[in-house]
Every structure is written in structure tokens, then in C-alpha cells.
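Presented below is the structure to which this report refers.
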Ligand code: UDP
């Protein structure tokens, strides 16, 4: 009893530092974790680059939303790039290299010197920053939790890449080899074709620097104290079991946006906007019949050429369906937002279409007028579609999206995959597959999965329980 009393006296509120890669999809889910931990009574410091922080506070209501947690702090750290650097995916290698040489040492020094206060319990680091962690660095005392924002199926595929190389299944031998089935990826036997492997596998030489970088990064994940994933057992159970063989201390707490709704007991405005949100599309949706609209968005980083844009445009108009389309100002390379409706499509677009620069996506997907989602299969978008119970047409662009889209079509049966095809006839055909021809079948599986997702984040559900376990572990670490 004496020791217990002493411990109570010593007790400090747990304090977690959260540091995402400064890209939309990463900030989005890690900010949700920040809010969830704050609701659980944990002090959170959210670390971001000045550039992303400014975008975030300019376009989202984050400051007032987090003002209800007096101990919560936003904090910034430089990325080492000049102020006018575009910081787009095109310059990804440059961004990462600057992080490595400039940001990493500052970050480490801050941890060692107690910059965030003496009560810092642990760090939740975007697992993309794996090389920020050195398991042998005794001066960093705080346990580092890795948060992976991509899908579990892709994490597992990443992990198996060296095995595929040893086995002679990689490299891919050119375009004509893309449909070859990968026979022995453990847990995914005869499921992925070469084209369904993570984007960085699309190289003809296994010494490729990006491929090697990703292999090393994945191996470094072992240094994390624990791994946090935005997924849930009923969706990813078999893959999560595989991942647990490598990282036993695993928390599957997704879909995070849905868990947040449970904890708040209400719908909330998503705080993920790095662009100006155009809410007028909600009023437009209000005037469309239930299930009649295909929502089209390729996320925050996909870029396409004007030709591709025209194929999608013709395909959408020719599909005969109503469409709500997000054309980000930087979606089409070289256009800088100056997109004109092609004359021959003006009538069809006016009659059935609505185009915005950035949509309130979570709200759009849960709108009853939306009957399907043409998506780039980013992991946040995929989970948002799953929770909203909307079937998908997948047109993946990069990274985990190649694997996600295969799982959507062939494992979860929640839609169709049109990867690597960008042709007006195929666009129209695929849209009609989910909106008309196979609508009932897809609506049934989508609604079953939506129920499982909601169950997982409700009291008694697997993600709900894992989140409680995470909070408990953080509390114990703070004692
Ligand atoms: N998003 C949005 N409005 C849009 C397009 C996207 O709010 O018009 C959000 C979407 O809800 C998702 C995120 O941006 O949470 C995109 O993340 P995802 O992982 O799907 O793709 P990424 O942008 O990382 O490629």
C-alpha cells in the first residue's frame, strides 16, 4: 500500500507525441488518432511541418476543434526545404532526403533533450519515418510506436518482397509479364498478379534504388515498440495474424474515422482538409435520386495527363449516370487548375455532372444519393467507402493502391478493379457494373462489410477493444 500511494503521488498524465509524414492521407488518420487519444484523457502533441500545419489551419477547423483539450499542442518541425518548394509527390525523393538529413537529427535531439517536456511518455511515429528510429540509441528513452497508414495487405506484401526475389518471382520482366500470377506469396497464394504488387515492384531490376529503399524500410519496422494499424479484424483477420508473427505487439484500431464517431457519439466534420472544401456539392447531391450518383475522386496526390482526364470525362458522361467529380487544381499535370469542359461534353456534364476542386468526402460518401465510388484506392478512401457501404470502381495510382484494389475486387468483393486501363469505354462499363448490372450483389456485400466495420468500433468490437488496450499501455508506460 505504501508503494501504491507513492506511485499515485508521482503520477503524471500520459503525454504522447504524434508525428505524421506531412501528406494528406497520413495527417488525416494520425490527426484522428490524436483526437481519440485526447478524448481518452491523454495529452497529445501533434508535430507537423510548418507548411502542412499552415495548410491545415487555413482549410480546417482544427484549432477550435482541439481547443476543448487544454493540454493539446500543435508543434512544428522544419522539413529543410525552401519555402516555395512545391512539396508534391513528384518531388518525393527530395522531400524524404531532406527529412533524413535535416529533420531527423533535430527530432532526435528534441527527444533526447526533453524538448517536449519531461513527461513525454511515448512517440507515435509515422512508420514511414522508420529510419528515424535506431533501436541501439540508448539516449532516446521514450518507446516509439509505429503507425502505418497503409493497408495491412500491402504491409504484408512489402514484407514478402525479399522472399519473392529469392524465389525468382521478381523482378517483373516487362509489360508482357504483368499478368503473371504470383503463386507463393504466403497467405496470398495465387491472388496477386505482378500488376497487383506494391507500386515500387514495377521495375525490371531488383537492385532498383526505390525497391531496395522500401525493402530496408520494411525491415527496420522491427525496431518499433508496437505497430498501430488503421484496419479491423473482420476485414483483415488472416493478414493481421500473419503480421502478428513479426510484430506481436499490434493494435488494429480502424476504421479510425468510424471509431471517432463512436467516441463522440455523433457525426463530425472531417478535419483533413489541406485544400478549400467546396460544400455546394452537398446541396447538389440533395437534389439527386437515391443511389444515382457515382462519386469520383483520386485522392490528394494522384496526377494524370490531359488525355487521361478526357478518357474519364467521356466515360463518365457516356455511362449515363450522374457523377460528382473531384478535379483537384493539381490533378492534371501542367494545367494548374485551368480545366475547361470539352465542348462536346458540355451538355452531358451540365445535365448529370458536378465538378468540385475538393469535396467533404466522408459526408459525400455517406449521402444517400451516392451509389458508388470511382476511387484511386487510397487506404483512407477505401475505408471511408467501406464504412459508408458504397461499392467501388478502383483505378489505383501508386504504392499500396495496387494491392488494395485487388483486395477490393477479388477478396472482399466490394467492387471492380480497372487498374492500368484508362479508356472511355472501360470507364463507362465499369461504372455501370457497380451502379446497374451488378448493383444488388455489390450493395449486399458492401452493406455487410459496413456492418462489420461499425461493429468493430462499437463497445465489444475488436478495434474498440484494441484502442482501449492501446490507451492502457500508454497509461502504464507513464507510471
Ligand atoms: N479527401 C477529401 N476530399 C476530396 C478528396 C479526398 O476530403 O475531395 C480525403 C479523403 O476523405 C481521404 C483523404 O483525402 O481521407 C485521401 O486519403 P487516401 O489515403 O484515400 O489517399 P491519398 O490522398 O493519400 O492518396
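When each of 424, 406 is tested for being touching a strand residue (DSSP E or B) at 6+ places or on another chain (Cβ under 9 Å) and buried (at least 17 other Cβ atoms within 10 Å of the Cβ), the lone residue that passes is 406. Considering 405, 381, 409, the condition of being assigned to a helix (DSSP H, G or I) and without any contact (Cβ under 8 Å) to a residue 24 or more places away in the chain is satisfied by 409 alone.
Looking at residue 415, is it on the phi > 0 side of the Ramachandran plot and surrounded by 22 or more Cβ atoms within 10 Å (Cβ to Cβ)? Even if it seems obvious, please write down each step before you answer.
Numbers: on the phi > 0 side of the Ramachandran plot: yes; surrounded by 22 or more Cβ atoms within 10 Å (Cβ to Cβ): yes.
Judged against the criteria, residue 415 is a match.
Filtering the stretch 72-86 to residues that are more than 22 Å from residue 276 (Cβ to Cβ) and loosely packed, with under 13 Cβ neighbours inside 10 Å leaves only 82.
Residues of the stretch 39-67 that are surrounded by fewer than 17 Cβ atoms within 10 Å (Cβ to Cβ), touching a residue at least 12 places away in the same chain (Cβ under 8 Å) and assigned to a loop (DSSP other than H, G, I, E, B): 41, 61.
Criterion applied to 211, 260, 227 was being on the phi < 0 side of the Ramachandran plot and part of a strand (DSSP E or B), and the one residue passing it is 227. Take residue 395 and decide whether it is under 26 Å from residue 439 (Cβ atoms), within 13 Å of the ligand (Cβ to nearest atom), touching a helix residue (DSSP H, G or I) at 6+ places or on another chain (Cβ under 9 Å) and free of Cβ contacts under 8 Å to residues at least 40 places away in the same chain. For residue 395, the condition - under 26 Å from residue 439 (Cβ atoms), within 13 Å of the ligand (Cβ to nearest atom), touching a helix residue (DSSP H, G or I) at 6+ places or on another chain (Cβ under 9 Å) and free of Cβ contacts under 8 Å to residues at least 40 places away in the same chain - is not met.
Residue-by-condition table, conditions (1) touching a strand residue (DSSP E or B) at 6+ places or on another chain (Cβ under 8 Å); (2) outside any helix (DSSP H, G or I); (3) within 15 Å of the ligand (Cβ to nearest atom):
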{"position": "299", "(1), (2), (3)": "yes, yes, yes"}
{"position": "302", "(1), (2), (3)": "no, yes, yes"}
{"position": "309", "(1), (2), (3)": "yes, no, no"}
{"position": "314", "(1), (2), (3)": "no, no, no"}
{"position": "317", "(1), (2), (3)": "yes, no, no"}
{"position": "323", "(1), (2), (3)": "yes, yes, yes"}
{"position": "328", "(1), (2), (3)": "no, yes, yes"}
{"position": "335", "(1), (2), (3)": "no, yes, no"}
{"position": "338", "(1), (2), (3)": "no, yes, no"}
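Scanning the stretch 365-381 for residues that are more than 7 Å from the ligand (Cβ to nearest atom) and closer than 14 Å to residue 298 by Cβ turns up 373, 374, 375, 377.
Are any residues in the stretch 236-257 out of contact with any strand residue (DSSP E or B) (no Cβ under 8 Å at 6 or more places or on another chain) and either exposed (fewer than 14 other Cβ atoms within 10 Å of the Cβ) or without any contact (Cβ under 8 Å) to a residue 60 or more places away in the chain (or both), and if so, which ones? Please lay out each step first, then the result.
Just the residues of the stretch 236-257 that are out of contact with any strand residue (DSSP E or B) (no Cβ under 8 Å at 6 or more places or on another chain), to begin with: 237-239, 241-242, 245-246, 248, 255-257.
Matches in the stretch 236-257: 237, 238, 241, 245, 248.
Rule-based calculations on the coordinates, nothing more; no lab input. Because the structure is predicted, anything quoted here is derived from the model rather than measured. Here the Cβ is made from the backbone with ideal geometry for all residues, glycine too, and neighbour counts use every protein chain on show.
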